[in-house]
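First the structure, in the form of structure tokens, and then the observations on it.
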Amino acid sequence: MNRPDWDIVTGWIGEGAGVLDLGCGDGALLRHLIAERSVRGVGMEVDDERVARGVAADLNIVQADLDDGIRDWFGRHSFDYVLVSQTIQAIRHPERLLGEMLDIASEGIVTFPNMGYWRNRWQLGVQGMMPTTKALPNPWYNTPNIHLCTLRDFESLCEGLGIEILDRAVVDQNRRSSPLLRALPHWFGEHAIYRIRKRVV
Amino acid sequence: MSESTAKKSSLDGTTHQPSSVGLVEPQAAHIDTPLLLDCGRRIEEYELVYETYGELNERADNAVLICHALSGDHHAAGRHRPEDRKPGWWDTAIGPGKPIDTDRFFVVCVNNLGGCKGSTGPLSTNPETGRPYGPDFPILTVRDWVNSQHALMRRLGISRWAAVAGGSLGGMQVMQWAISYPEAIAHAVVIAAAPKLSAQNIAFNEVARQAIITDPDFHDGRYAEHGAIPRRGLMLARMLGHITYLSDDAMRAKFGRELRSGKVQYGFDVEFQVESYLRYQGTSFVDRFDANTYLLMTKALDYFDPAAEADDDLATALAPATARFLVVSFTSDWRFSPVRSKEIVRALLATGKSVSYAEVEAHQGHDAFLMPIPYYHQVLRGYFDNIARRMTEDAGTEEGYA
């Protein structure tokens, strides 16, 4: 059940850290981090079925909609890391969420599907249709993914928000890295994983 | 041997058909340790009536305390007689194979002090006067109740509850347990509750109290000595309460504007179904509840505010708690809305407590906490499964060291 992108995330997180996972699903990544890093974890999830599974797995799960903002729930600096794994593209105001994340924790970890992946470019640029891939399986008219972006889009948003990028990794559809990916991440990275923090002025 | 096998199979997730705890009989404990109350008065000795379901295990670590709400009592599950029309008030959740599974847990529910179902209260004889306490019964707080429940806990040979659970005013007792006796509660299940009443909540309680107190049959609370009952007042109080327990949607779904006789009568008799329902709820309540107890219970609600002693900071008030929390709210509950539960969750998160929170989509209003809503029960079941698992693990660890 281990996934290479989880290994990358795990590698960035310190032993015994406080971790908030936004859009945590059934809490699989949190469980992984508890097992590997003994983190103190809290997950936030809106979907009933997933919340029930997370609670049944003995995790701390808070049921709430990320679109309502997270500032109300947590004080400043109450966690070491906030994770948003494959969720930011489905949020109404990603830019607001990024800001709130970095109020709550000193570092953020964000993963999302890369819209600049070559198959997406091919389908849109050559075939002239909105892409559907393994990472983006939904048709344009019925998709939770309302804010898709490329690596460059994300990095320019971070720049604008005064967010510093500490690490970047890209993986393919099997969530693995390779020399080709590292050489041409914008084209061959299907998923991006960033470690960010507020720029110190 | 067979018992432990059964326990194991239920932990493995093998489902067995939920059933009733069956016929149950209330028990009574006489506590002769004086209870010093928040109001400054003392109760020298008192009686607590309670029910238990399931078996206390050898390690006495599988006990779950259920705290009742405003008009509840110790009869939480099962039936007293086979012909009883209704089972206990939380029968949907307590029983073999139910979320609070009596095949694993020893469940205790107490009629709170000041109640009218057998525990010492306004109907009891005041040893100082030889007459019923009536209005002289001391005003109680949630903390007083928890202290009295703690005395019962020790009487039952329990040093720590695996969980304390309750809805509404019951949920407030759960919070108080976690604050007052952190070592004696492993899990706190706080359902449809609030960290304190809002002005609106207190306003509703005050109207209910005024309805009772201004009833000509109230006789300053000494109605029993006058052979009277403040029926109209208590009935009005209950009718008002019921409106606040239901949501607008639930009332619309249940009654709409349906007329009892099919057409309007241009009079003040019962015409709409909702009127009939409220009057029925009101009158049947008068037969089973005491007006002085109702007054006491509403006051306990009004006074509950653990943060008041911590500079109005709920996180500080909850700081002593070591229990793991589950907080549940219901979307259409406007008496204790999800926003109020969120205050509790936020305070727990602020001090790094272990807490899960579920906001259940439900149209039934405050009453939803008594209903077998699938998602709600799924969360409860999952949570209590973990409690049982943790009990087994703790037992294993200790045996390992022995």
Please work out the Cα convex hull volume for the stretch B:289-402 and give it in Å³ per residue. 171 Å³
Beta bridges by DSSP in the protein assembly as shown, antiparallel share as percent, to the nearest 5: 35 percent
Restricting to Cα pairs below 8 Å that are 6+ residues apart, what does the relative contact order work out to for chain A? Please round to a whole percent. 20 percent
Above-threshold pairs, the threshold being 18 Å between Cα atoms, out of B:K86/B:K117; B:K86/B:K254; B:K98/B:K254: B:K86/B:K254; B:K98/B:K254
Hypothetical label at A:W122: residues of the stretch A:147-173 whose amide nitrogen lies under 15 Å (7 Å Cα-Cβ projection): A:173
CD proxy at 222 nm, helix term only [per DSSP H run n ≥ 4: -39500 (n - 2.57); per residue of the protein assembly as shown; nearest 500]: -10500 deg cm²/dmol
So how long is each side of the protein assembly as shown along the principal axes, counting just the alpha-carbon atoms, biggest first, in Å? 93, 75, 51
Within chain B, what's the longest run with no GluC sites (Glu not before Pro) in a DSSP loop and at most 13 other beta-carbon atoms within 10 Å? Give the range, please. B:259-360
Residues of the stretch A:22-59 with amide N under 15 Å of the 7 Å Cα→Cβ point at B:E393: A:31-41, A:55-59
Could you work out Rg/(2.2 N^0.38 Å) for the stretch B:72-158, with Rg from alpha carbons only? 1.31
Round to a whole angstrom and tell me the spacing of the C-alpha centers of the stretch B:127-154 and the stretch A:4-41. 49 Å
Cross-link partners among aspartates and glutamates for B:K342, C-alpha distance below 12 Å, same-chain residues fewer than 8 apart left out? A:D72, B:E359
For the stretch A:39-168, the charge dipole (Cβ of Lys, Arg +1; Cβ of Asp, Glu -1; about the Cα centre) points to a positive end, and the Cα of A:M44, A:F154, A:M130 closest to that extreme belongs to A:M130
Taking Cα atoms only, helix B:231-245 is inclined relative to the longest principal axis of chain B by an angle, in degrees rounded to 10, of 50 degrees
Rank by packing, highest mean first: peptides A:59-66, B:34-41, with packing defined as the count of other Cβ atoms within 10 Å averaged across residues. A:59-66, B:34-41
List the trypsin sites (Lys or Arg not before Pro) in the stretch B:72-155 that DSSP assigns to loop (not H, G, I, E or B) and whose Cβ has at most 13 other Cβ atoms within 10 Å. Which are they? B:R85
Net lengthening on full extension, B:V339/B:T129 (0.36 nm per residue, minus Cα-Cα): 71.0 nm
If you average the C-alpha positions of the stretch B:323-367 and of the stretch B:203-274 separately, how far apart do those two centres end up, in angstrom? 29 Å
Compute the relative contact order of chain B as a whole-number percentage, counting only Cα pairs closer than 8 Å that sit 6 or more residues apart in sequence. 17 percent
Label zone at A:S106, where the point sits 7 Å out along the Cα-to-Cβ direction: the stretch A:5-46 residues whose backbone N lies under 11 Å: A:14, A:18
Would you mind computing the Rg to Rh ratio of the stretch B:11-118 from its alpha-carbon coordinates, Kirkwood style for Rh? 1.03
Compute for chains B and A the buried accessible surface, both sides summed, probe 1.4 Å, and express it in Å² to the nearest 100. 1700 Å²
Viscosity 1.567 mPa s, 4 °C: Kirkwood-radius Stokes-Einstein D of chain A over Cα pairs, µm²/s: 75 µm²/s
Angle in degrees between helix A:94-104 and the longest Cα principal axis of chain A, rounded to the nearest 10: 30 degrees
Segment A:E36-A:H147, extension gain: residue separation times 0.36 nm, minus the distance between their alpha carbons: 36.8 nm
DSSP beta bridges in chain B: the antiparallel percent, rounded to 5, is 30 percent
Can you tell me the relative contact order of the stretch B:102-195? Whole percent, Cα pairs under 8 Å, sequence separation 6 or more. 20 percent
Report the equivalent ellipsoid semi-axes for the stretch A:63-162 in whole Å, largest first, defined as the square roots of five times the eigenvalues of the gyration tensor built from alpha carbon atoms. 29, 15, 10
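Mind checking Rg over Rh on chain B, alpha carbons, Kirkwood formula for Rh?
Ratio of gyration radius to Kirkwood radius for chain B: 0.97.
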Compute the acute angle (0 to 90°) between the alpha-carbon long axis of helix B:338-350 and the principal axis of greatest extent of the alpha-carbon atoms of chain B; round to the nearest 10°. 30 degrees
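The values are calculated or read from the model by the stated rules, or taken from the named source; none is laboratory data. Note that the coordinates shown come from a computational prediction; the quantities given were computed from them, not determined experimentally. FYI the Cβ positions are ideal-geometry reconstructions off the backbone, even for glycines, and counts take in every protein chain you see. Just the protein is used for accessible areas: all its heavy atoms, side chains included, with ligands, DNA and RNA removed. Shrake-Rupley method; radii C 1.70, N 1.55, O 1.52, S 1.80 Å.
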